[in-house]
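The values are calculated or read from the model by the stated rules, or taken from the named source; none is laboratory data. Just so it is clear, the model here is predicted, and its values are computed rather than measured. Cβ placement follows ideal geometry from the backbone for every residue including glycine, while neighbour counts extend to all protein chains displayed. Remember, those area values only see protein heavy atoms, side chains included, never the ligands or the DNA or RNA. Shrake-Rupley method; radii C 1.70, N 1.55, O 1.52, S 1.80 Å.
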Amino acid sequence: MVRLQKVIAESGVASRRKAEKMIAKGLVSVDGQIVTEMGFQVKKGAKISVDGKLIQKEDKVYYLLNKPKKYICSNSDEHSRLIVTDLIECEQRIFPVGRLDYDTTGLLILTNDGDFANKMIHPRYHIPKTYELDLKGILISEHIKRLEKGIDLDGKTTLPAKIKITNKDFTKKQTTLEIRISEGRNHQVKNMFAYFGYEVTRLNRKRFGFLSINDLAVGKYRKLKPYEVVKLKELADSGN
Ligand code: URA
């Protein structure tokens with residue numbers, strides 16, 4: 001048995017929150033009976049209608065995108081900025097798995113599979129993510145050690161990270177580096193460096209677990225292969 005709002009959301013007709021509103025308004029029926037009870041459990045094979053139309057289960061799709069700058073990771077934007085889903089041509093109602101900032105580029109997964117997305121971003125599952133970045137200033141070894149060990153961000157210590165310096169430009173006073181973290185808190189990378197007063201001026205996610213975007217130009221995307229989806233789920237489970 002599955003909750004009614006989940007079945008509706010998975011059919012692609014509406015988001016879970018919108019589905020709840022439709023249920024409350026009496027627009028949803030199960031096997032011919034209007035249901036307004038929130039959390040109503042639906043039996044397998046039940047016929048569900050929303051606004052008089054029978055819903056069907058939507059195929060699950062998974063995309064890998066190389067996100068350009070100036071796109072937001074959301075389903076809509078009140079400031080009319082471009083949104084990442086505009087870049088992908090598909091019939092399903094997909095959404096980004098986690099967020100990359102407006103000015104961050106790189107690897108982003110999009111899907112219509114809510115359970116998969118939750119698994120990928122849930123703090124319990126520690127999927128490693130690698131970012132490359134430039135920051136203003138020369139990063140000193142003391143700060144590298146402390147960032148790798150864990151610092152206090154919003155009252156919670158960050159999990160161990162790995163930093164690899166790729167360039168120190170003493171003329172421009174800029175450090176280029178890679179950092180691997182296994183969490184996905186909001187603005188985590190920028191906030192980690194801001195903790196020691198460094199400003200991140202370029203941020204690109206290049207790896208998510210075993211996935212990379214070397215084969216994708218900025219703004220381009222491809223479908224994830226079924227084995228990649230399975231492997232990502234296994235990776236999340238193993239980091240539990
Ligand atoms: N960390 C950030 O600060 N920003 C991102 O977009 C991703 C990780």
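Among residues other than residue 15 whose Cβ falls under 10 Å from its Cβ, what is the net charge (Lys/Arg +1, Asp/Glu -1)? Could you put the intermediate results ahead of the total?
Numbers: positive: 16, 17, 18, 21, 93; negative: 20.
In short, +4.
Mark the label point 7 Å from the Cα of residue 233 along Cα→Cβ and return the residues of segment 89-132 whose backbone N is within less than 14 Å of it.
Taking a point 7 Å out along Cα→Cβ of residue 233, the residues of segment 89-132 whose backbone N falls under 14 Å are 112-120.
Once amide H atoms are built 1.01 Å from N in the peptide plane, which residues 5 or more positions from residue 74, or in another chain, come under 5 Å H to H?
Close amide H contacts, sequence-distant or interchain: 84, 85.
P(r) of the chain in 10 Å steps, Cα pairs, percent per bin?
The distribution over the chain is 7, 27, 29, 22, 10, 4, 1, 0, given as percents.
Decide, for segment 2-54, between rounded, prolate and oblate: order the square roots of the alpha carbon gyration tensor eigenvalues as a ≥ b ≥ c, take rounded if a/c falls under 1.5, and otherwise choose prolate if a/b is larger than b/c, else oblate.
The shape class here is rounded.
List every residue whose amide H lies under 5 Å from the amide H of residue 67, counting only residues 5 or more places away in sequence or on a different chain, with H placed 1.01 Å from N in the peptide plane.
Residues meeting the amide H criterion: 106, 107, 108, 219.
On full extension of the chain, what length is gained from residue 3 through residue 103, given 0.36 nm per residue of separation minus the C-alpha to C-alpha distance?
Values: separation 100, 0.36 × 100 = 36.00 nm, distance 3.73 nm.
Gain on stretching residue 3 to residue 103: 32.3 nm.
For the peptides 188-201, 34-47, what is the packing order when you average, over each peptide's residues, the other Cβ atoms within 10 Å and list the highest mean first?
188-201, 34-47
For the chain, what does -39500 (n - 2.57) per DSSP helix run (n ≥ 4), summed and divided by total residues, give at 222 nm, in deg cm²/dmol to the nearest 500?
-6500 deg cm²/dmol
Ranked from the most accessible area to the least, with a 1.4 Å probe and all protein chains present, what is the order of 55, 121? Present the calculation step by step, with values, prior to reporting the outcome.
Working: 55 30, 121 90 Å².
The ordering from most to least exposed comes out as 121, 55.
So if R0 is 30 Å, what FRET efficiency would residue 159 and residue 70 give, r being the distance between their Cβ atoms, rounded to the nearest 0.05? Working shown, then result.
Working: r = 30 Å, r/R0 = 1.00.
So the FRET efficiency works out to roughly 0.50.
What residues from segment 84-103 fall in the zone where the backbone N is under 13 Å from a label point 7 Å along the Cα-to-C-beta line of residue 223?
89-92
Please work out how much accessible surface residue 95 shows to a 1.4 Å probe, ignoring ligands, DNA and RNA, in Å² rounded to 10.
It works out to around 60 Å².
How would you order 224-237, 57-70 from highest to lowest mean count of nearby Cβ atoms within 10 Å?
Values: 224-237: 14.7, 57-70: 17.5.
Sorting 224-237, 57-70 by mean packing, highest first, produces 57-70, 224-237.
Taking every pair of Cα atoms in segment 128-208, average 1/r, invert it to obtain the Kirkwood radius, and report Rg/Rh to two decimals. Don't jump to the answer; show the numbers that get you there.
On the way: Rg = 11.7 Å, Rh = 12.6 Å.
Expressed as Rg/Rh, it is 0.93.
List the aspartates and glutamates whose alpha-carbon lies under 20 Å from that of residue 190, not counting same-chain residues fewer than 8 positions away?
Straight-line reach from residue 190, under 20 Å: 101, 103, 132, 134, 142, 148, 152, 154, 169, 178, 199.
For residue 115, what charge total do you get from the other residues with a beta carbon under 10 Å from its beta carbon, if Lys and Arg give +1 and Asp and Glu give -1?
Residues near residue 115 contribute +2 overall.
Can you flag which of 70/168; 129/156; 67/172; 67/129; 21/220; 69/156 are past 25 Å Cα-Cα?
Working: 70/168 27 Å; 129/156 19 Å; 67/172 27 Å; 67/129 15 Å; 21/220 35 Å; 69/156 29 Å.
With Cα atoms farther than 25 Å apart: 70/168; 67/172; 21/220; 69/156.
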